[in-house]
1. Could you check segment 87-136 and list, in sequence order, the residues that are touching a residue at least 40 places away in the same chain (Cβ under 8 Å), in contact with a strand residue (DSSP E or B) (Cβ under 9 Å, 6 or more places away or on another chain) and either closer than 30 Å to Leu218 by Cα or exposed (fewer than 14 other Cβ atoms within 10 Å of the Cβ) (or both)?
2. Go through segment 50-78 residue by residue and tally those that are within 30 Å of Phe102 (Cβ to Cβ) and of a type outside the set (Val, Ile, Thr).
3. Starting from residues that are in contact (Cβ under 8 Å) with a residue 40 or more places away in the chain and aromatic (Phe, Trp, Tyr), keep the ones in segment 13-36 and report whichever is most open to solvent (accessible area, probe 1.4 Å).
4. Just to be sure before I move on: is Ile83 out of contact with any Pro (no Cβ under 9 Å at 6 or more places or on another chain) and within 18 Å of Leu188 (Cα to Cα) in the structure I sent?
5. Which one is farthest from Leu156 (Cα to Cα), of the residues in segment 73-86 that are in a helix (DSSP H, G or I) and touching a residue at least 12 places away in the same chain (Cβ under 8 Å)?
6. Any residue at all in segment 65-75 that is within 21 Å of Thr217 (Cβ to Cβ) and among the polar types (S, T, N, Q)?
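The values are calculated or read from the model by the stated rules, or taken from the named source; none is laboratory data. Please read all numbers here as calculations on a predicted model, not as lab measurements. With ideal geometry, Cβ positions are generated from the backbone for all residues, glycine too; neighbour counts draw on all protein chains shown. The protein model used for the area step is the full one, side chains on, heavy atoms only, and it has no ligands, DNA or RNA in it. Shrake-Rupley method; radii C 1.70, N 1.55, O 1.52, S 1.80 Å.
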Amino acid sequence: MLNTLKGIPARTYILIVTALLIIGGGFYIFIELGEEVLEKEKFMIDQHAADFAENLATPGVMTFFAWITELGSVWALTVGSLIMFGVLWYFYQRKKWRIVYFVIAMGGVTILISGLKAAFLRDRPNVLEEYDGTGYSFPSGHSTAPIVFYGFIMYLVIRSKLNALAKWLINIFLGILILLIAFSRLPLGVHYFTDVIGGLALGLTWLVSCIAILEITLWHSGRKAKKEL
């Protein structure tokens, strides 16, 4: 056992600690916000964010965010997930765990969003069907699901054989896209700022948890394969 632990690189321990900090921090933020939402507390930051977003809401900005927000909609992520499943099946057909955990990540986040919205029962600031602004408000599904979907792609890019510059460019683009989708809910008027922050915290916690378990599974499978040689 001790020999196994000594054989693990220091970088791996750093990644483990980082993952635990992200999971713990994200969970803490979500729980803190959730408690206040359950108690029907009013957040000053929600009003400030709404005022800021309203000042930005010119016709051009609204058109831009109406388009951006669609990239985090149920239909877009469903189609994207099916495409990703096909891509993973083609490239990783002999490495099933990436496919399995992608399905777990996306299926799990769908259940989490639906269950938590039903548990918190927070009304939206505005109900606008044209912007997917229906149902309950907390946490924001457009903040939670995209960070899991696009975040998993970022993980696959990091693990790929692409050169460093390509990895940086792709992941910076995806990171900005995640934030834009989440922020789009504010000028469109269908979410509170705390819905967005809660969704991002929840999504990041779930994403990192799934990736961490996937990495452990891959490590264990690799060790098992070496023993069988």
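1. Asn126, Val127, listed by residue number.
2. Residues of segment 50-78 within 30 Å of Phe102 (Cβ to Cβ): 64-78.
Applying the additional criterion that residues be of a type outside the set (Val, Ile, Thr) yields 64-67, 70-73, 75-77.
Residues in segment 50-78 being within 30 Å of Phe102 (Cβ to Cβ) and of a type outside the set (Val, Ile, Thr): 11 in total.
3. Phe27
4. Working: out of contact with any Pro (no Cβ under 9 Å at 6 or more places or on another chain): yes; within 18 Å of Leu188 (Cα to Cα): no.
Here the answer is no, as Ile83 does not meet what is asked.
5. Step one: list which residues in segment 73-86 are in a helix (DSSP H, G or I), which gives 74-86.
Filter once more, so that each one left must be touching a residue at least 12 places away in the same chain (Cβ under 8 Å): 74, 77, 80-81, 84-85.
On the way: Val74: 22, Leu77: 17, Gly80: 15, Ser81: 14, Met84: 11, Phe85: 13 Å.
By that ranking, first place goes to Val74.
6. Kept after step one, since they are within 21 Å of Thr217 (Cβ to Cβ), are these residues of segment 65-75: none.
Within segment 65-75 (the criterion being within 21 Å of Thr217 (Cβ to Cβ) and among the polar types (S, T, N, Q)), the answer is no, since none of the residues qualifies.
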